[in-house]
Amino acid sequence: MGTRWSEEKAWKWYNSRPWFRGCNYMSADCANRIDQWQSLGFEERLQTTDEELALAAATGFNTIRIILEFIVWDQEHDSFMERFDRYLETAAKHGISCMVVFGNDCMPPKNEFWKPLQLGEQHYDWGYHGGRKYSQHSRFSAVGYHLLDEPELALRHYEWVREIMTAHRDDERICMWDMYNEPGAANRRDVTMPHLRKFFEIAREVDPIQPLTCGLWHMPDENCKPYNELEQFALDNSDIVSFHCYSPYTTMVQMIKRIRTYGRPMVNTEWLGRCLHNTVFEIFPLFYLERIGCYNWGFVAGKYQTYEPWNGSWQAYDADPKVDIDFTKWFHDLYRPNHRPYDPHEIELIRQFCELADRDFEKGIL
């Protein structure tokens, strides 16, 4: 069985590769991740992916983060495995590696607007972040619901992780395994711990060539314990430390300073929240300077509508109209549906620093 990588092994792996920079990716014609992975419409969406990843490569990106959808694997097993391989191949054709994500705690409560996941034509609401009026991006007091909460489905989830990781344990097209997106979100901290522990246990048994990670996703108060038990577990078991931050520059610097004390390579797997003053102009050069891998959320604006603010942002405004949120700006995404930039100056800056990073790497400057 594999074990957590040593710091030396983690740094050797990280420094042997160009600076990771890319985005959390779903093609613009997908309403959600079922659309991204199911057989219905896949050929058309893969063509869109091919075109958009060519644009990503031209922008300077060399990696994407993709979140898998369990029920597609469960209900269309054999064809899903083939489609997943084709997806990886399409990305690799453009010089783009994939960070693959399994679990995801960004879920609404079962009794508050949650709808059963079903394959087939996917509904979406216009004008809402994530394409849904009542989604995980709203503020809920109840515990979010996940299919992992059903014991039989939890066992199937474990098979899902084991099979995909075993099939691709030596696959250079995959750069990292992200075991769980925002564990503990939606008030799921105690509920998620046994599943996160099992995911890591399976991954260590598979012992892939790629590093494992699981992202920290909130900025703790300076006066409290650094991380809760769940996030500390994720941190202690990650080969490469990853984190999310949609906060302004000063908070990002504080978070980087804190995480750096763990002595491992760092990758930000979610950033870019213009409404919250987390901008390309301030944050992307910081990641370059610190050589922190980075994946902004979103690429081409489309059906998933992540250029819209979180519904939680609107709820914050409803509670206090003086809240410091700039609703005049797109939240995420870099390109308009016609592939023109949201702001061409952002793209110029991204290309500039990607070129600098590649020249640094060729010269051996780390």
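How far apart, in nm, are two points set 7 Å out from the Cα along the Cα-to-Cβ line at GLU201 and at LYS329?
Roughly 4.4 nm, to one decimal.
Scale the Cα Rg of the range 1-67 by the rule-of-thumb value 2.2 N^0.38 Å and send over the ratio, two decimals.
1.48
Consider all pairwise Cα distances in the range 180-338 and report the whole-number % of them above 28 Å.
27
List the pair-distance distribution P(r) of the range 175-215, using every Cα-Cα distance, as the percent of pairs falling in each 10 Å bin from 0 up to the bin containing the longest distance, rounded to whole percents.
29, 51, 19, 1
Quick check on the range 103-243: take the gyration tensor over C-alpha atoms, sort the square-rooted eigenvalues as a ≥ b ≥ c, and tell me if it's rounded (a/c under 1.5), prolate or oblate.
Since a/c reaches 1.5 but b/c is at least a/b, the shape of the range 103-243 is classed as oblate.
Which aspartates and glutamates have a Cα less than 13 Å from the Cα of LYS133, not counting those fewer than 8 places away in the same chain?
In chain and number order, the partners are GLU112, ASP125, GLU308.
When HIS94, HIS77 are ordered from fewest to most other Cβ atoms inside 10 Å of their Cβ, what list results?
By the 10 Å Cβ count, ascending, the order reads HIS77, HIS94.
Within the P(r) computed for the range 279-354, what percentage of the Cα pairs occupies the region above 19 Å?
Counting pairs separated by more than 19 Å, the tail of P(r) holds 46 percent.
Evaluate the Debye formula for the range 1-122 with equal point scatterers sitting on the alpha carbons, no solvent, and hand back log10 of I(q)/I(0) at q = 0.13, 0.16 Å⁻¹, in q order, two decimals.
One equal scatterer on each Cα of the range 1-122 leads to -0.63, -0.89.
For LEU276, LEU153, which order do you get if you count the other beta carbons within 10 Å of each Cβ and list the fewest first?
LEU153, LEU276
Among LYS115/LYS322; LYS93/LYS303; LYS257/LYS303, which pairs are too far apart, with a Cα-Cα distance over 27 Å?
Violating the 27 Å Cα-Cα cut-off are LYS115/LYS322; LYS257/LYS303.
Counting pairs of Cα atoms in the range 7-362, how many percent are more than 37 Å apart?
The calculated P(r) of the range 7-362 puts 11 percent of pairs beyond 37 Å.
Can you give me the pair-distance distribution of the range 325-366, C-alpha pairs, 10 Å bins, whole percents?
For the range 325-366, the pair-distance distribution reads 25, 35, 25, 14, 1.
For the residues ASP360, ASP170, what sequence is obtained by ranking on other C-beta atoms within 10 Å, fewest first?
ASP170, ASP360
Every read-out reported here was derived from the displayed coordinates using simple, explicitly stated rules and does not represent laboratory data. Remember, it's a predicted structure, so these values are computed and weren't measured experimentally. Every residue, glycine as well, gets a Cβ built from its backbone with ideal geometry; the counts of neighbours run over all protein chains shown.
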